[in-house]
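A.B. asks: Okay, here's the structure, questions in a sec.
Every number in this text was worked out from the coordinates using simple rules, so none of it is lab data. For clarity, every value in this text was computed on a predicted model and none was experimentally measured. Because the Cβ atoms are built from the backbone with ideal geometry, glycine has one as well, and the counts that use them run over all protein chains shown.
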Amino acid sequence: MENILILIAITYSVSLGFGFLLQKYLKIPWMFAALFFGILLSDFGFFGPSIESEPFQLLATLGMLAMLFMIGFNLDLKKIKKLGKQIVMGAILIISLEGFLGSLLFYFGFPVDVSNSYLVALITALSFATVGEAILLPILSEFNVLNTTFGQLTLGIGTFDDIIEVLMLAIIAALPAFLPKAQVQSVPDPVLILSVLGGLLILTLVMIKLGSKIKNILRKNSKTPYVHLLLFLLVFFSFAALGGLVFEDLAAVGALLGGIVTRQLLPEEMLYEEEKAINFLGYVFLSPLFFLSIGASVSLTSLLISPLVIVLILVVAKVSKLSASFLLFRKMLGTKYSLLLGVGLGVRFSTSLIVQFILFNSGIISLTLYSALIATAIILKPIIIGIYSWGLSSGNPP
């Protein structure tokens, strides 16, 4: 236990110091400092037993679930309903193209790494086709282009992409039950998994319907803020537990749906204050431990043995996003900004990393492929942010 506490203290120190430098000078989220630290520890073999211990893994899993809860909490259903047809079609086409090309690469180029399954190859490819709009938001704000056509397209596609991420996570939770490789493992009956997924979705819809009544009750008790905090903790752990009772991966879906429900239960005037508490739980307290566990599971040896995987993923990711964005938005934005939009939409963040972590942790994708996916996210992020910021600084987008 003492070693775990020391590891946690060092992780927070690294996140505080190195994370500050990453975010200030490279615009990379500070949580990635813990990921880099995890890779370093894994490479030199430090704190191995502590990282693999049950108490630390429990904290890391809670970090993953808390981040999924926050993703669900930040999913504004009203805003998504208002999205224009062009944004919706653009998001679907851009993500579909990258997912399709990536799936062909994985299935025909590295079949063993995706359990010889095209479905696994497709889901893996879709996981790196999603957009981390949370990283782009402060950059758009810094250059005062949030309200331009360019800025609204970027955020709109990133917002609609969240729905695809929810669906993808639900599919992944049920995936092991349908794979021959997983049949030999202790995976519940597929009907039971689908039943629990359906039950979680129905419960989510029911709670959303009851949202207005619960909001009125909370408004009348606005002077008792502990009630709101206990409510979001109750929803978080209840939804995660309902999913996890049957199959561990369903806890991830439950946590995400719990975040969606919580947003619908809290009065709008209280969202800002409660969001600060939720952000502390997910981003500050638990996420560094989750990112550390991701880094610790990456194999540098695999990367050195198979650098071709990284190169091919990088090529497919950028060519598909750039070509789709250029074809769809060239007339609206012009050549430069349609390509710049494609560059920005290539940035990835928490959801894609979580999806890939679940796929690897379930034994569905190989360590080599998982390490390559994490490496491409790390390599692309500073490149994308640099090009994106330079492009916005050298002109005025429409």
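A.B. asks: How would you classify the stretch 296-345 from its alpha-carbon gyration tensor, with a ≥ b ≥ c the square roots of the eigenvalues: rounded for a/c under 1.5, else prolate if a/b is greater than b/c, otherwise oblate?
C.D. replies: Prolate, because a/c is 1.5 or more and a/b exceeds b/c.
A.B. asks: Something else: Note down the relative contact order for the chain as a percent, whole number, built from C-alpha pairs under 8 angstrom at least six residues apart.
C.D. replies: 29
A.B. asks: In square nanometres, what is the average projected area of the Cα convex hull of the stretch 291-398?
C.D. replies: Dividing the Cα hull surface by four gives the mean projection, 7.5 nm².
A.B. asks: Quick one: net charge of Ser389's neighbours, Cβ under 14 Å, K/R +1, D/E -1?
C.D. replies: +2
A.B. asks: Could you tell me which of rounded, prolate or oblate describes the stretch 1-50, using a ≥ b ≥ c as the square roots of the eigenvalues of the alpha-carbon gyration tensor, with rounded for a/c under 1.5 and, failing that, prolate when a/b is larger than b/c and oblate otherwise?
C.D. replies: oblate
A.B. asks: Right, something else. Which shape class, rounded, prolate or oblate, goes with the stretch 63-393 when its Cα gyration tensor gives a ≥ b ≥ c as root eigenvalues, a/c under 1.5 marks rounded, and past that a/b bigger than b/c marks prolate? Before the final figure, lay out the partial values.
C.D. replies: Numbers: a/c = 1.77, a/b = 1.14, b/c = 1.55.
It is oblate, given that a/c is not under 1.5 and a/b is not larger than b/c.
A.B. asks: Starting from the coordinates of the alpha-carbon atoms of the stretch 19-158, obtain the Kirkwood hydrodynamic radius over all distinct pairs and give the value in Å to one decimal.
C.D. replies: Over the stretch 19-158, the inverse of the mean reciprocal pair distance is 18.3 Å.
A.B. asks: For the stretch 203-353, what is the Kirkwood estimate of the hydrodynamic radius, computed as the reciprocal of the mean inverse distance between distinct Cα atoms, to one decimal in Å?
C.D. replies: Taking every pair of different Cα atoms in the stretch 203-353, averaging 1/r and inverting gives 19.2 Å.
A.B. asks: Restrict the search to the stretch 13-80; then list the chymotrypsin sites (Phe, Trp or Tyr not before Pro) that DSSP places in a loop and that have at most 15 other Cβ atoms within 10 Å of their Cβ.
C.D. replies: Passing sites in the stretch 13-80 are Phe46.
A.B. asks: In which sequence would Phe108, Phe237, Phe357 go, from the one with the fewest C-beta neighbours within 10 Å to the one with the most?
C.D. replies: Fewest-to-most Cβ neighbours within 10 Å comes out as Phe108, Phe237, Phe357.
A.B. asks: What value in Å³ per residue do you get for the convex hull of the alpha-carbon atoms in the stretch 22-81?
C.D. replies: 112
A.B. asks: Going by Cα centres, the stretch 328-377 and the stretch 37-65 are how many Å apart?
C.D. replies: 24
A.B. asks: While we're on this one: Find, among the trypsin sites (Lys or Arg not before Pro) in the stretch 196-295, those assigned to loop by DSSP (not H, G, I, E, B) with at most 10 other beta-carbon atoms within 10 angstrom. Could the numbers behind the result be given before it?
C.D. replies: Details: sites: Lys209, Lys213, Lys215, Arg219, Lys220, Lys223, Arg263, Lys276; in loops: Lys223.
Those satisfying the criteria are Lys223.
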